[in-house]
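Have a look at the structure below before the remarks.
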Amino acid sequence: MIRSQRWKGAAFTVPFQLGFVFLYLIPIGYAVYQSLFLEQQSGLGLGGATEKFVGLDNYQHGLTDSAFLNSVLRVVLFACVQIPVMLAVSLVLALCLDALTSRAAGRFRILLLIPYMIPGVVAAIVWINLYSPDVGPLTPIGDLFGFSWNFFAPSMVWPSIGNLLTWHGIGYNMVIIYAALQGVPRELFEAARLDGASELRVALSIKIPHVRGALVLTGMLSVIQMLQIFNEPALFRNVTPQTVDDSFTPIMIIYNQAFNAGNYHYAAALSVLLALILGIASFLFYRLTSKEAD
Amino acid sequence: MLTDTRSEDTTERPPTRPVRRLTHPDRAARGRGGQRFVLVGLILASAYSLFPVYWLIVAATKDRTGLYQTSGLWFSGMHLWDNLHQLFTYNDGIFLRWTANSFLYAGVGSLGGTLIALATGYGLARFEFPGRGVVFACVVGSFLIPIALLTLPLYLLFSEIGLVDTPWAMLIPCLINPFSVYLAKVYTESSIPFELLEAARLDGAGELRIFFSIVLRMMTTGGATVFLLAFVQTWNAFFLPLTVLRGEENWTLNIGLYNWTGKRLESGVDLTSLVLTGALLSIVPLAVMMTALRRYWRTGVTLGALK
């Protein structure tokens, strides 16, 4: 390629590069910088606040802060339950769609994708009201069958949020898995059937291994999202602040430290820690799930 | 289903999308029992998907007594117009303001972001230049950066330069969207042949002219997908507007509705009826857009996952 053309090509990416520096690199650098300081009241607080360099103290504090560690653990444990359930349901639905004519599959696919079209905040509002003992239909239905459900009780809050996330995410994950399934050569299935394999066997030994890539991917995206969960617990907190406290998830703690406690330095350190946890979690997830294939 | 048959449709469809459609169902479908099992499963799943939406529609047609005292499963009286009237007049019509804000941020922000992304994707896909690998690594690497890590320092920087609590605080971050860049690159690779660019250059066209009059025109499908996904992302945004917008006149629909749900515990004002009607309304623009542009966003969603 001619030299001048190379630079013209690079020029097309300049607006993005400038924006990336301003909106990504500088903020990240700034967060790391801020995380090394601590605001200190001098004297009796009369002299105003001064910033003091404290090195990695904020990180040390974060790594021993039981509220932060508990919130990470809470979210990780929850992810270990909700994500496999959601992906399993999505996989079964994708296999079901695959067994239909493409026309019928298209219709069901649209119906199943409807929740995905709904903004996350609205989805949470709808389910919170469905769960609500005042206006929601689920409590009377539960009473009818002799359950006295309280969806906002401490032991029920995660299952309630889990159902909301599953409802919201099934369609998206199903579409991705279904697309991967459609890419598998049909001859493989026919060959297996000629050899006498049952439908279940075909699904388990041929179809599912072929969509492993899609499952790893949707799994990883879900893990990344889950570690940053904020909207749903924030809305639950609006109706049941006793159960969902302000340190329920890592991002909620970070938000509170920054805006309610006014401790930006500590909040910055926690967000860097969360980024590291996110990187490690994605790496582990990727390694674990791709090792199985070897 | 896909009725659009313009020729560009075939040239622009990215290669990763499965093009082969089944003309006949898989063998599992041929066994009667299997077929029935599959259908029942799908119908149950569809009912689960649709039930909350159905309930929301029913709830939006009820007045407050109906909402609290009648069964949530069926209609009782038609009060949708009263609810809408209340929604649009409550607090001097602040809901309309929020709607306009959401359209402004999602519309203008995504349009700017799409243009930048198309230029960047084209630059990355069709030119060799030093640092290209670094730019692409930034794009992919940024998928892993938590929102909190970006938003908090951005809030501090914006407050330094006086942008907090102005529409700019929402619009500027929308301009840079790494995922849009990634999509634009994939679309360029599948729809803009090198030979065409060479031919245009031989004819003496400048690079800018090639981009604006050839590349952009051939990228309408890709561009529409990028725009649509960015629009949805901004419309759904929550953490960024919650952080950078303080005064309610700049809020988005999401932040407004979130605030209304908290009113009951905070000050005893029960706005459930308004929240539900407002929630239903805030789905409408997305539903209309997504239905109209169904083929765009499905390829976009699938592509996004195959990265």
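Kindly indicate the residue of the range B:216-237 that is polar (S, T, N, Q) and within 12 Å of chain A (Cβ to nearest Cβ) and also least open to solvent (accessible area, probe 1.4 Å) among those meeting that condition.
B:234
Restricting the search to the range B:164-187, which residues are assigned to a loop (DSSP other than H, G, I, E, B) and more than 24 Å from residue B:99 (Cβ to Cβ)? Lay out the reasoning, then the answer.
Quick first cut of the range B:164-187, residues assigned to a loop (DSSP other than H, G, I, E, B) only: B:164-167, B:176-177.
Scanning the range B:164-187 gives a single hit, B:176.
Right, residue A:157: open to solvent by less than 10 Å² (accessible area, probe 1.4 Å) and at the interface with another protein chain (Cβ under 10 Å from one of its Cβ atoms) or not?
So residue A:157 fails the test.
In the range A:91-104, how many are in contact (Cβ under 8 Å) with a residue 40 or more places away in the chain and either at the interface with chain B (Cβ under 8 Å from one of its Cβ atoms) or under 18 Å from residue A:161 (Cβ atoms) (or both)?
3
Take residue B:137 and tell me if it is closer than 30 Å to residue A:7 by Cβ, open to solvent by 30 Å² or more (accessible area, probe 1.4 Å) and modelled with pLDDT of 90 or more.
So residue B:137 passes the test.
Taking the range B:269-280 only, how many residues are more than 10 Å from chain A (Cβ to nearest Cβ) and not hydroxyl-bearing (Ser, Thr, Tyr)? If you could, list the steps in order and put the result at the bottom.
To start, the set of residues in the range B:269-280 that are more than 10 Å from chain A (Cβ to nearest Cβ) comprises B:269, B:271, B:274, B:277.
If we keep only those that are not hydroxyl-bearing (Ser, Thr, Tyr) too, we end up with B:269, B:271, B:274.
Residues in the range B:269-280 being more than 10 Å from chain A (Cβ to nearest Cβ) and not hydroxyl-bearing (Ser, Thr, Tyr): 3 in total.
Those residues that are modelled with pLDDT under 85, surrounded by 14 or more Cβ atoms within 10 Å (Cβ to Cβ) and at the interface with chain B (Cβ under 9 Å from one of its Cβ atoms), I need them from the range A:137-154; list them, please.
Selection gives A:141 alone.
So which of A:165, A:188, A:217 ends up being assigned to a helix (DSSP H, G or I) and either more than 12 Å from every other protein chain (Cβ to nearest Cβ) or β-branched (Val, Ile, Thr) (or both)? Quick ask: steps written out before the conclusion?
Working: A:188 fails: either more than 12 Å from every other protein chain (Cβ to nearest Cβ) or β-branched (Val, Ile, Thr) (or both); A:217 fails: either more than 12 Å from every other protein chain (Cβ to nearest Cβ) or β-branched (Val, Ile, Thr) (or both).
The match here is A:165.
What number of residues in the range A:220-235 are open to solvent by 30 Å² or more (accessible area, probe 1.4 Å), touching a residue at least 40 places away in the same chain (Cβ under 8 Å) and more than 7 Å from every other protein chain (Cβ to nearest Cβ)?
The qualifying residues number 1.
Just the residues that are modelled with pLDDT under 90 and of a type in the set (Phe, Trp, Tyr), please, taken from the range B:71-97.
Hits for the range B:71-97 are B:74, B:75, B:81.
For residue A:109, indicate whether it is more than 7 Å from every other protein chain (Cβ to nearest Cβ), among the charged types (D, E, K, R) and in contact with a Leu (Cβ under 7 Å, 6 or more places away or on another chain).
Considered against the rule, which asks whether it is more than 7 Å from every other protein chain (Cβ to nearest Cβ), among the charged types (D, E, K, R) and in contact with a Leu (Cβ under 7 Å, 6 or more places away or on another chain), residue A:109 comes out as yes.
Looking at the structure I just gave you, is residue A:193 assigned to a helix (DSSP H, G or I), among the charged types (D, E, K, R) and surrounded by 15 or more Cβ atoms within 10 Å (Cβ to Cβ)?
Values: assigned to a helix (DSSP H, G or I): yes; among the charged types (D, E, K, R): yes; surrounded by 15 or more Cβ atoms within 10 Å (Cβ to Cβ): yes.
For residue A:193, the condition - assigned to a helix (DSSP H, G or I), among the charged types (D, E, K, R) and surrounded by 15 or more Cβ atoms within 10 Å (Cβ to Cβ) - is met.
With the requirement that a residue be small (Gly, Ala, Ser) and open to solvent by 10 Å² or more (accessible area, probe 1.4 Å), what does the range B:179-190 give you?
Hit for the range B:179-190 is B:190, nothing else.
Going through the range A:171-181 one residue at a time, which ones are at the interface with chain B (Cβ under 8 Å from one of its Cβ atoms) and open to solvent by less than 10 Å² (accessible area, probe 1.4 Å)?
Within the range A:171-181, A:171, A:175, A:176 qualify.
So which helices (runs of 4 or more DSSP H) stay within the range A:25-134 end to end and still have 2 or more residues that are open to solvent by 20 Å² or more (accessible area, probe 1.4 Å) and touching a helix residue (DSSP H, G or I) at 6+ places or on another chain (Cβ under 9 Å)? Break it down into steps so the answer makes sense when it comes.
Values: elements: A:26-34, A:57-64, A:66-98, A:102-113, A:120-131.
Of the helices (runs of 4 or more DSSP H) lying wholly inside the range A:25-134, those with at least 2 residues that are open to solvent by 20 Å² or more (accessible area, probe 1.4 Å) and touching a helix residue (DSSP H, G or I) at 6+ places or on another chain (Cβ under 9 Å) span A:26-34, A:57-64, A:66-98, A:102-113.
Filtering the range A:261-294 down to residues that are among the aliphatic types (A, V, I, L, M) and modelled with pLDDT under 85, which residue is nearest to residue A:71 (Cα to Cα)?
Among those residues, the one meeting the criterion is A:288.
Within the range B:200-275, considering only helices (runs of 4 or more DSSP H) that don't extend past its boundaries, which have at least 2 residues that are of a type in the set (S, T, N, Q) and touching a residue at least 60 places away in the same chain (Cβ under 8 Å)?
Because the criterion is at least 2 residues that are of a type in the set (S, T, N, Q) and touching a residue at least 60 places away in the same chain (Cβ under 8 Å), the helices (runs of 4 or more DSSP H) in the range B:200-275 that meet it are B:220-236.
I'm trying to understand the selection: among the residues of the range A:144-165, which are of a type in the set (Phe, Trp, Tyr) and farther than 14 Å from residue A:244 by Cβ?
Across the range A:144-165, the qualifying residues are A:145, A:147, A:149.
Conditions tested, residue by residue: (1) within 14 Å of residue A:12 (Cα to Cα); (2) at the interface with chain A (Cβ under 8 Å from one of its Cβ atoms); (3) out of contact with any Phe, Trp or Tyr (no Cβ under 6 Å at 6 or more places or on another chain).
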position	(1), (2), (3)
B:114	yes, no, no
B:121	yes, no, yes
B:129	yes, yes, yes
B:133	no, no, yes
B:137	no, no, yes
B:144	no, yes, yes
B:162	no, no, yes
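How many residues does the range B:167-198 contain that are within 11 Å of chain A (Cβ to nearest Cβ), among the hydroxyl-bearing types (Ser, Thr, Tyr) and over 19 Å from the mean Cα position of the chain (by Cα)?
Total satisfying the criteria: 1.
Please go through the range B:54-87 and give me each residue that is surrounded by fewer than 20 Cβ atoms within 10 Å (Cβ to Cβ) and touching a residue at least 40 places away in the same chain (Cβ under 8 Å), ordered by number.
B:57, B:63, B:64, B:80, B:84, B:86
Output the number of residues of the range A:236-280 satisfying the condition of being free of Cβ contacts under 8 Å to residues at least 60 places away in the same chain, more than 8 Å from chain B (Cβ to nearest Cβ) and in a helix (DSSP H, G or I).
So the count comes out to 5.
Quick check on the range A:57-77. Is at least one of its residues at pLDDT below 95 and in contact with a Gly (Cβ under 8 Å, 6 or more places away or on another chain)?
no
Here is a list of conditions, (1) facing chain B (nearest Cβ under 9 Å); (2) in contact with a Leu (Cβ under 7 Å, 6 or more places away or on another chain); (3) open to solvent by 10 Å² or more (accessible area, probe 1.4 Å), and residue A:199 meets all of them except one; can you say which number that is?
The failed condition is (2).
The values are calculated or read from the model by the stated rules, or taken from the named source; none is laboratory data. As the structure is a computational prediction, the values presented were derived from the model and not from experiment. Please note: Cβ atoms are built from the backbone with ideal geometry, for glycine as well, and neighbour counts cover all protein chains shown. The protein model used for the area step is the full one, side chains on, heavy atoms only, and it has no ligands, DNA or RNA in it. Shrake-Rupley method; radii C 1.70, N 1.55, O 1.52, S 1.80 Å.
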